[in-house]
Amino acid sequence: MIGSGYVGLVSGACFSEFGHHVVCVDKDAGKIDALKAGRIPIFEPGLEDVVAANVRAGRLTFSTDLKNSIPDADAVFIAVGTPSRRGDGHADLAYVFQAAEEIAAALSGYTVVVTKSTVPVGTGQAVEQTIRRLRPDAEFDVASNPEFLREGSAIEDFRRPDRVVCGTDSERARNVMRQLYRPLFLNETPILFTTRESSELIKYAANAFLATKITFINEMADICEKVGANVQDIARGIGLDGRIGSKFLHAGPGYGGSCFPKDTLALMRTAEEVGAPSKIVTAVTVANDARKMRMAEKIEDAFGGVRGKRIAVLGLTFKPNTDDMRDSPSLVILPWLKGHGADIRAYDPEGMKEAAKHLDITMCDDAYQALDGADGVVILTEWNEFRALDLDRAKKLLKRPLMVDLRNIYKAQEMEEEGFAYYSVGRPPVL
Ligand code: UGA
């Protein structure tokens with residue numbers, strides 16, 4: 001497994017749990033040393049236990065030495081980062097090709113080289129050409145095997161995926177992939193074999209579709225606010241239609257994270273480049289960017305202006321159960337509020353260390369410390385511990401019982417009974 005970031009580490013650990021022997025490789029010696037010492041560089045529920053158990057069983061090891069990890073391998077996964085290239089939004093494939101070159105030099109015996117990183121259509125072919133150019137003698141196939149796991153539930157998603165997608169025309173490579181995923185196969189997980197190009201595009205299409213679904217319900221939330229409807233009823237009312245489905249219809253402050261923003265942008269670029277521009281994906285990215293800013297204005301309205309106000313903020317990460325801050329709505333909303341004169345006191349269960357690198361705000365030890373003396377509270381991320389706040393205690397700590405809940409985790413009626421002014425997303429406010 002080349003690249004021990006989110007996808008590489010989770011996939012490597014889970015493949016070892018399936019009974020395979022896995023070496024997770026990374027150039028970052030600090031990361032590899034930490035992993036060897038049993039320290040997990042990211043916060044992901046359950047990952048530490050899977051890693052520890054499989055290290056103990058002798059199936060999972062860590063190394064900085066790519067060259068010596070390749071020759072015995074039946075399959076080599078490229079799971080390095082493909083960040084947005086600065087300036088144009090294209091996926092930056094520098095790490096992918098660097099890995100391909102290093103793999104080429106070390107190949108021995110038949111090997112399936114698998115791109116697990118999210119890569120634009122055509123990358124598999126380019127990787128194949130790169131390896132072929134450097135090693136005309138090598139016996140290999142290049143397959144695409146995108147990953148659909150979510151941060152925060154990555155282990156569960158890997159163990160019980162809705163489907164596995166594998167793109168290759170080679171029957172020999174398919175057999176290796178079938179063997180790798182055999183435990184899932186036995187559980188009747190659909191394994192979809194396609195061409196490499198289709199498999200590469202499925203990944204982008206899936207993320208763009210989910211981003212579209214979220215953006216759609218967010219727009220419905222805006223309409224609900226204007227007409228006095230409730231977006232949660234809309235989501236349920238349409239979600240029960242099997243053709244639509246109820247998942248990913250939670251209105252909120254806009255999607256963030258390491259995938260949707262980057263992948264929608266990259267798909268837009270690909271679509272433009274091949275002469276089939278996607279109006280839908282373009283509209284989704286524009287709407288989502290604008291939404292984050294509007295959420296700051298929504299907070300300002302609820303507070304009746306934020307200048308000189310102290311605001312308690314609960315949640316900083318782009319979603320719960322992760323310490324990931326990438327493209328989190330908080331990175332847009334909080335600097336705006338601060339710039340308009342607010343004093344921000346924030347708490348996040350796992351994200352504060354990372355957040356402190358990007359946000360110049362006061363971090364608190366827990367939710368109640370953030371609330372103490374604040375003019376109101378804003379919920380930005382739906383961590384479970386924020387769902388069950390002691391509202392009596394919160395009321396005593398706050399200067400005024402005011403909550404802006406951008407994740408709709410409280411019930412309006414409950415807040416009314418508690419005497420809160422309560423603003424949420426796509427639902428009538430309690431004034
Ligand atoms: C996403 C996809 O869900 C995974 O299938 C995919 O493998 C991954 O990207 C990837 O490409 O690596 P992830 O970014 O971890 O996973 O998180 P999601 O749970 O999808 O949430 C993304 C964003 O959408 C978050 O900001 C979340 O708050 C927001 N969201 C999600 C909503 O606002 N409403 C929803 O109903 C669902």
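Report the trypsin sites (Lys or Arg not before Pro) located in the range 298-367 that are in a DSSP loop and have at most 12 other Cβ atoms inside 10 Å of their Cβ, or state none.
Details: sites: 298, 307, 309, 310, 326, 338, 345, 353, 357; in loops: 307, 309, 326.
The qualifying sites are 307.
Taking just the C-alpha trace of the range 6-194, give me its Rg and Dmax in Å.
15.9, 46
Mind checking the angle between helix 123-134 and the chain's longest principal axis? C-alpha axes, 0 to 90 degrees, to the nearest 10.
Once rounded, the angle reads 40 degrees.
Using a cut-off of under 16 Å, list every residue of the range 161-205 whose amide N is near the label point 7 Å from the Cα of residue 150 along the Cα-to-beta-carbon line.
Residues 161-163 qualify, since their backbone N sits under 16 Å from the label point.
May I ask for the angle, rounded to the nearest 10°, between helix 94-106 and the longest principal axis of the chain, with both axes built from Cα atoms and the value confined to 0 to 90°?
Helix 94-106 and the main axis of the chain meet at about 30 degrees.
Go ahead and run the numbers for FRET between residue 294 and residue 385, Cβ-Cβ distance against an R0 of 30 Å, rounding to 0.05. Working shown, then result.
On the way: r = 27 Å, r/R0 = 0.90.
E(calc), rounded to 0.05, equals 0.65.
Between residue 49 and residue 307, what length in nm is gained on full extension when 0.36 nm per residue of separation is reduced by their alpha carbon distance?
Here the segment from residue 49 to residue 307 would lengthen by 88.2 nm.
Within the range 243-268, find all residues whose amide N lies under 18 Å from a label point positioned 7 Å from the Cα of residue 233 along Cα-to-beta-carbon.
Within reach of a label on residue 233, which here means backbone N under 18 Å from a point 7 Å along Cα→Cβ, the range 243-268 contributes 250-251.
Regarding the range 99-194, what is the average projected area of its C-alpha convex hull, in nm²?
Numbers: hull surface 26.4 nm².
Average projection, Cα convex hull of the range 99-194: 6.6 nm².
Please give every one of the aspartates and glutamates within straight-line cross-link reach of residue 203, meaning a C-alpha to C-alpha distance under 12 Å, and leave out same-chain neighbours fewer than 8 residues apart.
147, 263
Please compute the length gained on full extension between residue 65 and residue 129, using 0.36 nm multiplied by the number of residues separating them and subtracting their Cα-Cα distance.
On the way: separation 64, 0.36 × 64 = 23.04 nm, distance 2.38 nm.
Gain on stretching residue 65 to residue 129: 20.7 nm.
Classify the chain: rounded, prolate or oblate, from the alpha-carbon gyration tensor (a ≥ b ≥ c, eigenvalue square roots; a/c under 1.5 rounded; otherwise prolate if a/b is larger than b/c)?
Details: a/c = 2.19, a/b = 1.80, b/c = 1.21.
The shape class here is prolate.
Going by average Cβ density within 10 Å per residue, which order do the peptides 206-212, 44-50 take, highest to lowest?
Working: 206-212: 20.4, 44-50: 17.1.
Descending packing order for the listed peptides: 206-212, 44-50.
May I ask for log10 I(q)/I(0) of the range 131-277 at q = 0.09, 0.18, 0.21 Å⁻¹, from a Debye sum over the Cα atoms as equal point scatterers with solvent left out?
Each listed q corresponds, in turn, to -0.41, -1.20, -1.33.
For a Förster distance of 30 Å, can you work out the FRET efficiency between the beta-carbons of residue 283 and residue 160, rounded to the nearest 0.05?
On the way: r = 33 Å, r/R0 = 1.10.
FRET efficiency, residue 283 to residue 160: 0.35.
With everything on Cα atoms, drop me the angle between helix 6-17 and the longest principal axis of the chain, reported from 0 to 90° to the nearest 10.
Roughly 60 degrees, rounded to the nearest 10.
Pop a pseudo-label 7 angstrom from the Cα along the beta-carbon direction at both residue 28 and residue 198 and give the gap in nm to one decimal.
Result: 3.6 nm between the two label points.
Just so you know, all these numbers are worked out from the coordinates, no wet-lab data involved. Source: prediction; values computed, not measured. Cβ atoms come from the backbone with ideal geometry, glycine included; neighbour counts cover every protein chain shown.
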